[in-house]
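The values are calculated or read from the model by the stated rules, or taken from the named source; none is laboratory data. Everything numeric in this text was worked out from a predicted model, so none of it was measured. Every residue, glycine as well, gets a Cβ built from its backbone with ideal geometry; the counts of neighbours run over all protein chains shown. For the accessible areas, the whole protein counts, side chains as well, though only heavy atoms, and no ligand, DNA or RNA atoms are used. Shrake-Rupley method; radii C 1.70, N 1.55, O 1.52, S 1.80 Å.
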Amino acid sequence: MDKKKIILTGNFGVGKTSLFNRYLYSQFDDKYLTSIGVKVDRKNVLVNGEEMTLLVWDIAGEITQDKVPVSYFIGASAVIYVFDLTRPSTYKNLEFDLKYMDKVLPGVLIKVVGNKKDLISTDQLEALKKELYYPADIYTSAKTGENVEPLFQDLAKSLKGDFNG
Amino acid sequence: MADINLYPTPPASWRQLILLDDEACILASCDSIFCTKKLRETGILEFFPLVESIFPNIVELKPGHPEIRIHKISPIYRGLSGYYDFSFIRTDIDTRLPILWTIYDFTRLYEDYYKNLQQKHDIEMARELLEMKF
């Protein structure tokens, strides 16, 4: 079976662990508990009738990606870069971080995710999109589950090489 | 920051040495942290998705190559409930050139680190919230 390593990364407190828990265990907890290192689990998905294993790494948040231990990136097929739609500090380094990750993992598939969509209005979201250096690929809410499954499903499709989005 | 002097010389059970073949099956283990009996039947990858995800890179290691080391791991395997570092290196201790997987138990150190980091992040996020309000 095809296996792909996916990394969830971004600043601290943006909801990486919440996305991890929502996707893998269908769970959500409002309380913020920081992560100090890495937790990994797997989920099998179907892409065009073929099974694929996603090995998801939930790694501790850092202000910039160059602070993340390089060993965490070994063998990664894709990176999900998460920022918090309510905290500008979590997307102010987006340009630097994306360039850095492209250097560490040349050509790797990167999805930029704006999380905590449930905390802002549609108007606020539209205003925010104009501010961003790089538009997010998808806006999610780990709390409600909105767009979490599509995020990983689209990623799996992209990794299979038949993404049409 | 935590005072390193608070952490005396760790006991003998602070690390476990496991020899693996290139199929991720256990050849030998000192079992000082956890018993590997259950893992010997099927190989380790089923129980350690972290290792599974980088095993193709581990297999590529040659004797003399620098180790692959992953810090601050919170494994999902029930036999390991704390925080650990994993290191992988190719050895030439016998003709099979087994992979030496070392598990370092840093639970106590990392739990203290966790408490400090949680406090730091809570303060930082509260400060950001205040800055946005005023």
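A few points about this structure:
- Candidate set from segment A:91-126 (those that are open to solvent by less than 30 Å² (accessible area, probe 1.4 Å) and within 20 Å of A:Glu146 (Cα to Cα)); member that is nearest to the other protein chains (Cβ to nearest Cβ): A:Asn115
- Residue in segment A:153-162 that is of a type in the set (Lys, Arg), in contact (Cβ under 8 Å) with a residue 60 or more places away in the chain and out of contact with any strand residue (DSSP E or B) (no Cβ under 9 Å at 6 or more places or on another chain) present: no
- Conditions (1) more than 13 Å from chain A (Cβ to nearest Cβ); (2) assigned to a loop (DSSP other than H, G, I, E, B); number of the one not met by B:Glu41: (2)
- Taken over segment A:127-165, the criterion of being open to solvent by 30 Å² or more (accessible area, probe 1.4 Å) and in a helix (DSSP H, G or I) is satisfied by A:Ala127, A:Lys129, A:Lys130, A:Glu131, A:Glu149, A:Pro150, A:Gln153, A:Asp154, A:Lys157, A:Leu159, A:Lys160.
- Flag if A:Ile74 is within 30 Å of B:Pro66 (Cβ to Cβ), at the interface with chain B (Cβ under 10 Å from one of its Cβ atoms) and open to solvent by 30 Å² or more (accessible area, probe 1.4 Å): yes
- A count restricted to segment B:75-97 and to residues that are hydroxyl-bearing (Ser, Thr, Tyr), part of a loop (DSSP other than H, G, I, E, B) and in contact with a Leu (Cβ under 9 Å, 6 or more places away or on another chain) stands at 3.
- Here B:Ile18 clears all of (1) surrounded by fewer than 19 Cβ atoms within 10 Å (Cβ to Cβ); (2) more than 22 Å from A:Ile7 (Cα to Cα) except the condition numbered (1).
- Given (1) closer than 21 Å to A:Asp58 by Cβ; (2) facing chain A (nearest Cβ under 8 Å); (3) at pLDDT below 95, number of the condition B:Ile70 does not satisfy: (3)
- Candidate set from segment A:50-71 (those that are closer than 18 Å to B:Asp85 by Cβ and of a type in the set (A, V, I, L, M, F, W, C)); member that is surrounded by the most Cβ atoms within 10 Å (Cβ to Cβ): A:Trp57
- Of the residues making up segment A:39-49, those that are in contact with a Leu (Cβ under 7 Å, 6 or more places away or on another chain) and either open to solvent by less than 30 Å² (accessible area, probe 1.4 Å) or more than 8 Å from chain B (Cβ to nearest Cβ) (or both) are A:Val40, A:Asp41, A:Lys43, A:Val45.
- Near pairs, Cβ below 9 angstrom, 6+ apart or cross-chain, from segment B:13-29 (touching a residue at least 12 places away in the same chain (Cβ under 8 Å)) to any residue that is in a loop (DSSP other than H, G, I, E, B) and of a type in the set (Phe, Trp, Tyr): B:Trp14/B:Phe106; B:Gln16/B:Phe34; B:Ala24/B:Phe48
- Scanning segment B:55-92 for residues that are free of Cβ contacts under 8 Å to residues at least 24 places away in the same chain and aliphatic (A, V, I, L, M) gives B:Ile68, B:Ile70, B:Ile73.
- Close pairs from segment A:66-83: first closer than 17 Å to A:Val113 by Cβ, partner open to solvent by less than 20 Å² (accessible area, probe 1.4 Å) and acidic (Asp, Glu), Cβ under 9 Å, at least 6 apart: A:Tyr81/A:Asp97
- Residue check for A:Phe83: within 25 Å of A:Thr144 (Cβ to Cβ), among the aromatic types (Phe, Trp, Tyr) and not in a strand (DSSP E or B): no
- Qualifying residue in segment A:77-88 (condition: among the hydroxyl-bearing types (Ser, Thr, Tyr), more than 11 Å from chain B (Cβ to nearest Cβ) and open to solvent by less than 70 Å² (accessible area, probe 1.4 Å)): yes
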